[in-house]
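The values are calculated or read from the model by the stated rules, or taken from the named source; none is laboratory data. Owing to the predicted nature of the structure, the values given are computational and were not obtained by experimental measurement. Using ideal geometry, Cβ is built from the backbone for each residue, glycine included, and neighbour counts are taken over all protein chains shown.
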Amino acid sequence: MPLVPLPKIPQEVSAAFQSQWADFSDAEDPVQLPPADSPEYHAQRIFVLSPGELMGAGGLRTARAAGWRFLASGISSQYGIAASVAQRGNGWSLESVSYGPGIDVSLNAIRLLQPDLQALPDVYELRVLKIPSLLTEAFWLLSPANSQLDRVVPYLTRLSGIEPTRKYSEHEFLSLIRPYAKKRLEYANSPRASGDR
Amino acid sequence: MANMNFTMDLQMGDLLCWAAVSVSVDKSMPPRRAPTVDQCALAAVVLPAAGCHSNASGQCTCDDEAGLVEGLSGVNRPSTGAIPPQSLAVINNQLLHHRPVCIRIEWADPSQRDGATSHFVVIYKTSATKVWTIEPGHGTTHKFTHQTFHDGTELYESDGTWKNTYMLLP
């Protein structure tokens with residue numbers, strides 16, 4: 001069994017999703033959330049990295065836990081829909097519902113890559129790594145035994161040179177993405193950026 | 001409650017969200033004018049680079065960041081400039097007048113003293129308590145409770161905060 005089971009979804013996370021799901025169900029949305037108790041949902045633990053963290057020496061292991069995402073096909077739909085649950089103060093809250101081409105890509109990536117991931121020779125914990133400011137999302141295969149064995153499988157990105165669904169070592173992935181992170185930081189730290197604010 | 005018939009063009013470069021939002025806003029607002037400038041033509045006007053053109057894969061050869069105020073000015077859609085997040089009533093009023101509401105999402109960078117990065121997106125729909133945003137990177141719609149989106153931090157894509165609003169002028 002090459003994939004370590006996900007950490008058990010905390011009871012408070014499930015409870016927040018179940019109790020607040022109805023508040024986010026709108027009949028006029030083009031994609032409809034399945035009921036919260038549907039077995040269709042893929043629960044994903046989300047981690048985020050900023051450009052500055054990408055440039056640092058800590059690499060992927062500096063990624064911050066940012067809650068959970070419940071991803072499924074919409075009711076009677078081929079399209080994906082995602083509900084995000086995050087910690088607020090001492091509790092958990094359903095904070096957003098998302099749909100559109102980017103969510104469809106995320107859902108397809110799970111379907112396409114899961115058999116591949118199961119066939120990997122090493123033992124991994126499956127995480128979702130978001131680098132929102134670089135519009136990039138990836139599976140992060142975290143090796144509990146050895147960080148040198150970590151793998152990154154990007155599936156949603158606009159960055160040229162990064163091939164969706166290819167498995168990268170941490171070193172390979174960081175080498176490819178750091179120039180983009182550096183460019184974003186240069187603008188963010190420049191006087192030109194102050195006009196946006 | 002308001003719902004604009006709004007279509008967001010995907011950005012023609014990984015740094016061109018400002019151009020995609022500006023051009024999409026221009027296309028969505030009356031009076032419709034032809035020909036509407038495309039993202040790459042707008043980039044040629046706003047950015048210091050020369051010789052911008054679309055390549056074979058539909059990407060603009062000038063791929064760089066700029067401010068949304070510059071982008072909106074470039075398509076002759078004047079705005080208030082960057083102002084704080086707005087109430088649901090104000091947003092409703094804009095949408096009812098066929099003016100999409102542009103906002104800036106900021107991702108603070110814990111490793112940097114300054115250096116926050118940005119993404120421009122549009123609020124195009126509201127209900128009694130919710131707002132719908134659409135973004136030009138991947139065309140994703142996000143729905144939030146207005147109150148938590150307005151008051152909260154790190155809500156957008158797990159980590160981003162609504163920092164500024166750009167109201168289009170009549």
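Data for the structure
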read-out: Per-region count, region A:113-150, residues assigned to a loop (DSSP other than H, G, I, E, B) and more than 12 Å from A:L49 (Cα to Cα); value: 10
read-out: Any hit, region B:113-133, residues being surrounded by fewer than 17 Cβ atoms within 10 Å (Cβ to Cβ) and touching a residue at least 40 places away in the same chain (Cβ under 8 Å); value: yes
read-out: Residue in region A:63-77 that is closer than 29 Å to A:L176 by Cβ, assigned to a loop (DSSP other than H, G, I, E, B) and modelled with pLDDT under 95 present; value: no
read-out: Residues of region B:8-35 satisfying the condition of being polar (S, T, N, Q) and modelled with pLDDT of 95 or more; value: B:Q11, B:S22, B:S24
read-out: Boolean, A:I81 is in a strand (DSSP E or B) and in contact with a Leu (Cβ under 7 Å, 6 or more places away or on another chain); value: yes
read-out: For A:L129: the one exception among (1) touching a strand residue (DSSP E or B) at 6+ places or on another chain (Cβ under 6 Å); (2) in contact (Cβ under 8 Å) with a residue 60 or more places away in the chain; (3) within 13 Å of another protein chain (Cβ to nearest Cβ); (4) farther than 24 Å from B:L15 by Cβ; value: (4)
read-out: Residue among A:P154, A:P191, A:P101 that alone is in contact with a Pro (Cβ under 7 Å, 6 or more places away or on another chain), free of Cβ contacts under 8 Å to residues at least 24 places away in the same chain and within 14 Å of chain B (Cβ to nearest Cβ); value: A:P154
read-out: Region A:132-151 - residue that is within 14 Å of chain B (Cβ to nearest Cβ) and of a type in the set (G, A, S) and, of those, farthest from A:A43 (Cα to Cα); value: A:S133
read-out: Residues of region B:13-43 classified as part of a helix (DSSP H, G or I), without any contact (Cβ under 8 Å) to a residue 40 or more places away in the chain and either among the β-branched types (V, I, T) or under 22 Å from A:R184 (Cβ atoms) (or both), total; value: 4
read-out: One residue from A:S84, A:S93, A:S76 being over 21 Å from B:Q147 (Cα atoms) and hydroxyl-bearing (S, T, Y); value: A:S76
read-out: Sole exception among (1) touching a Lys or Arg at 6+ places or on another chain (Cβ under 7 Å); (2) among the aliphatic types (A, V, I, L, M); (3) within 23 Å of B:D64 (Cα to Cα) for B:L168, by number; value: (3)
